[in-house]
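The values are calculated or read from the model by the stated rules, or taken from the named source; none is laboratory data. The shown structure was predicted, so the numbers you read here are calculated from the model rather than taken from an experiment. Note that each Cβ is placed from the backbone with ideal geometry, even for glycine, and that neighbours are counted across all protein chains shown.
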Amino acid sequence: MTPGGEEVGAVAYPLHLDVSGRRVLVAGGGPVAARRARDLVAAGADVLVVAPAVCEDLRDLLPDLTWEQREVEPRDVADAWLVHTATGDPRADAEVAAAAEALRVWCVRADDARASSAWTPSVVRREGVTVSVTAGGDPRRARGLREALSRWLDSGAAPLRRRRPGAGRVTLVGGGPGEVDLLTLRGRRRLAEADVVVVDRLAPTAVLDELDPDVQVVDVGKTPDHHPVPQEEINRILVEHARAGRRVVRLKGGDSYVLGRGGEEVLACRAAGVEVEVVPGVTSAFAVPAAAGIPVTHRGLSRSVTVVSGHEDVDAATLARLDGTVVFLMGVTMLPRLCADLVAAGKPASTPVAIVENGWRPDQRTTRGTLGDIAATAARRGVRSPAVIVVGAVAGLAGLAGVADEEGVTVGPDVAYRPLS
């Protein structure tokens with residue numbers, strides 16, 4: 001409490017300071033002084049530390065600040081715009097604070113908030129957003145509020161869109177296998193900042209309902225053998241909107257860099273001089289099998305995994321020689337040929353296969369079999385895209401799925417554990 005009975009800082013005037021290039025005195029060399037100095041260095045201040053000795057954290061900052069190895073004196077305040085005292089000696093702190101008061105320099109006292117003329121708040125920072133939190137001199141309360149605000153900002157629920165013109169940029173966001181809650185926090189935050197979202201059909205499109213009504217959504221979805229918007233046109237859309245000063249999110253299913261043509265889009269943006277960022281996603285190649293209880297690697301069965309595009313010609317001879325797991329994306333249409341080519345190349349027809357449709361969605365379904373019979377089984381069950389095909393011993397594992405497949409049984413041979421050589 002202040003001498004007048006109010007909580008510390010209760011009637012304080014909130015203000016953010018531009019300290020770049022300005023002298024700030026930090027009196028003291030311990031961990032508290034180090035925290036203050038680190039933040040001031042990050043803000044571009046001309047930091048002077050005065051202390052007989054400094055802790056390791058402060059020593060690490062020495063290339064970016066000035067250290068005078070001696071006791072602090074009131075005269076050190078003369079050239080400062082701001083003072084932080086953290087000497088551990090209340091008398092020394094009081095003397096420096098009194099000198100600051102006489103020179104009309106704001107002073108933050110680590111030892112006695114009630115005697116300070118300024119206070120450092122708890123701070124939440126996200127790109128372009130800074131939120132300062134004070135709690136009447138109650139640090140634990142302030143930290144709790146800061147953490148709650150951090151979660152709110154990261155959730156994407158906060159109104160993060162810019163309302164003033166600024167530079168455009170493109171962010172590639174991997175949306176995961178389709179459920180909104182499998183988006184990363186950073187991906188969700190970038191969506192909350194977006195002016196334009198360029199979206200694929202396998203992205204978690206339900207998240208679009210949570211965006212501002214005036215966010216422009218451009219659907220460039222592709223289906224097997226039907227690409228209404230060519231990749232070159234998608235690249236042009238991204239660049240055009242970013243050059244117009246908009247923040248663009250390219251929202252895809254899975255991960256943009258796993259058979260998602262993300263590299264092509266990044267190169268197109270960079271060639272056009274557009275700022276671009278990549279936010280990884282949970283790749284469907286691993287997440288969809290996991291939803292069906294299939295680990296793509298498993299001790300004693302598989303210690304490697306290969307991800308292959310299934311709608312193009314594959315090197316069956318090389319794949320047939322692999323001991324690990326092979327995961328095919330976009331391979332349902334080519335399934336009969338894929339299986340026949342692998343068997344012809346020497347892969348045993350008894351090799352377990354699992355096909356997981358609509359992974360992580362309410363209509364998820366798993367079809368199991370072997371290389372020798374899975375094509376016929378899939379045709380009988382009407383298997384359709386989107387689906388992930390898993391080939392290898394792990395596809396025959398039983399007991400890991402949360403629910404049985406549609407037929408209530410695991411089709412295919414039992415898999416015995418064996419040591420890997």
The residue that is farthest from Val217 (Cα to Cα), considering only those in the stretch 150-196 that are polar (S, T, N, Q) and free of Cβ contacts under 8 Å to residues at least 60 places away in the same chain, is Ser150
Output for Cβ contacts, cut-off 7 Å, separation at least six or different chains, first residue in the same structural domain as Arg365 (by TED's automatic domain parsing) and part of a loop (DSSP other than H, G, I, E, B) in the stretch 379-400, second surrounded by 24 or more Cβ atoms within 10 Å (Cβ to Cβ) and of a type in the set (Ser, Thr, Tyr), reads Gly392/Thr325
Exactly one of Leu58, Leu25, Leu103 is within 33 Å of the chain's Cα centre (by Cα) and either among the basic types (Lys, Arg) or at negative phi (or both), and that one is Leu58
_Regarding the stretch 181-191, can at least one residue be identified that is part of a loop (DSSP other than H, G, I, E, B), farther than 28 Å from Pro386 by Cβ and not polar (S, T, N, Q)?_
no
Of (1) touching a helix residue (DSSP H, G or I) at 6+ places or on another chain (Cβ under 8 Å); (2) modelled with pLDDT under 90; (3) surrounded by fewer than 18 Cβ atoms within 10 Å (Cβ to Cβ), Leu153 satisfies every one except (3)
Of the residues in the stretch 242-268, those that are surrounded by fewer than 23 Cβ atoms within 10 Å (Cβ to Cβ) and part of a helix (DSSP H, G or I) number 7
Only unsatisfied item for Leu61, checking (1) buried (at least 16 other Cβ atoms within 10 Å of the Cβ); (2) closer than 25 Å to Gly137 by Cα; (3) not aromatic (Phe, Trp, Tyr), is (2)
For Pro362, are the conditions met, namely being outside the structural domain of Gly178 (by TED's automatic domain parsing) and surrounded by fewer than 22 Cβ atoms within 10 Å (Cβ to Cβ)?
yes
Reported set for the stretch 302-354 where residues are of a type in the set (Ser, Thr, Tyr), in contact (Cβ under 8 Å) with a residue 40 or more places away in the chain, under 22 Å from Val383 (Cβ atoms) and outside any loop (DSSP other than H, G, I, E, B) is Ser309, Thr325
Can you find even one residue in the stretch 382-403 that is over 25 Å from Gly254 (Cβ atoms) and modelled with pLDDT under 95?
yes
Margin query: Just checking, does the stretch 250-264 include any residue being in contact (Cβ under 8 Å) with a residue 40 or more places away in the chain and among the basic types (Lys, Arg)?
Written below: yes
Note: among Val173, Val217, just one is touching a strand residue (DSSP E or B) at 6+ places or on another chain (Cβ under 7 Å), assigned to a strand (DSSP E or B) and surrounded by fewer than 21 Cβ atoms within 10 Å (Cβ to Cβ), namely Val217
Of those in the stretch 110-143 that are of a type in the set (D, E, K, R) and outside any strand (DSSP E or B), the residue surrounded by the most Cβ atoms within 10 Å (Cβ to Cβ) is Asp111
The correct count of residues that are among the aliphatic types (A, V, I, L, M) and out of contact with any helix residue (DSSP H, G or I) (no Cβ under 7 Å at 6 or more places or on another chain) in the stretch 320-343 is 7
Note on Asp79: of the conditions (1) acidic (Asp, Glu); (2) within 25 Å of Gly136 (Cβ to Cβ); (3) modelled with pLDDT under 95, unmet is (2)
The one condition Glu210 fails out of (1) more than 18 Å from the chain's Cα centre (by Cα); (2) closer than 18 Å to Gly262 by Cα is (2)
In the stretch 116-133, anything more than 26 Å from Arg190 (Cβ to Cβ) and either in contact with a Cys (Cβ under 6 Å, 6 or more places away or on another chain) or among the aliphatic types (A, V, I, L, M) (or both) is listed as Ser117, Ala118
